1. Inspect all residues belonging to the stretch 18-25 and state whether any of them is within 25 Å of Glu80 (Cα to Cα) and modelled with pLDDT of 95 or more.
2. Taking interchain pairs and intrachain pairs at least six residues apart, which have beta carbon atoms under 9 angstrom, with the first residue in the stretch 36-53 and surrounded by 10 or more Cβ atoms within 10 Å (Cβ to Cβ) and assigned to a helix (DSSP H, G or I) and the second of a type in the set (D, E, K, R) and at pLDDT below 95?
3. Just a yes or no: is a residue in the stretch 69-77 exposed (fewer than 10 other Cβ atoms within 10 Å of the Cβ) and at pLDDT below 95?
4. Among all residue pairs at least 6 apart or on different chains, which show Cβ distances below 9 Å where the first residue, located in the stretch 70-89, is farther than 19 Å from Leu49 by Cβ and the second is of a type in the set (D, E, K, R) and not in a loop (DSSP other than H, G, I, E, B)?
Amino acid sequence: MESNEEFEEKIDALEEEIIELKYQLKQSRDKEIIYKEILSDVDHSIKTLFKREAENERFGLGETFDFRENMLNLKSALDEFKRIYKLRF
């Protein structure tokens, strides 16, 4: 039969585990929000680029798009997100 002291130790250990799990859950949620923000920014940028390209063709503006430069800008933005939020992907 376990004593009250042993029960108290088990309860303390479980409470610590609960606190740790809550902290891990918060970190996961924070990262999820960051990843959603990144994906939203990328999606918006791509839509804007294609819209500008379609308008260029429609109105014959003669504007050319350097897709390599756009990809470099995207990579730079992603690198900045990684640096700021200490992400690895």
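The values are calculated or read from the model by the stated rules, or taken from the named source; none is laboratory data. Every value quoted in this text rests on a predicted model; they were computed, and no experiment measured them. Glycine also receives a Cβ, built like all others from the backbone with ideal geometry; neighbour counts cover every protein chain displayed.
1. Yes, the stretch 18-25 contains a residue that is within 25 Å of Glu80 (Cα to Cα) and modelled with pLDDT of 95 or more.
2. Arg52/Glu63; Glu53/Glu63
3. yes
4. Listed by first residue and then by second, the contacts come to Tyr85/Asp30; Tyr85/Lys31; Leu87/Lys31; Arg88/Lys82; Phe89/Lys82.
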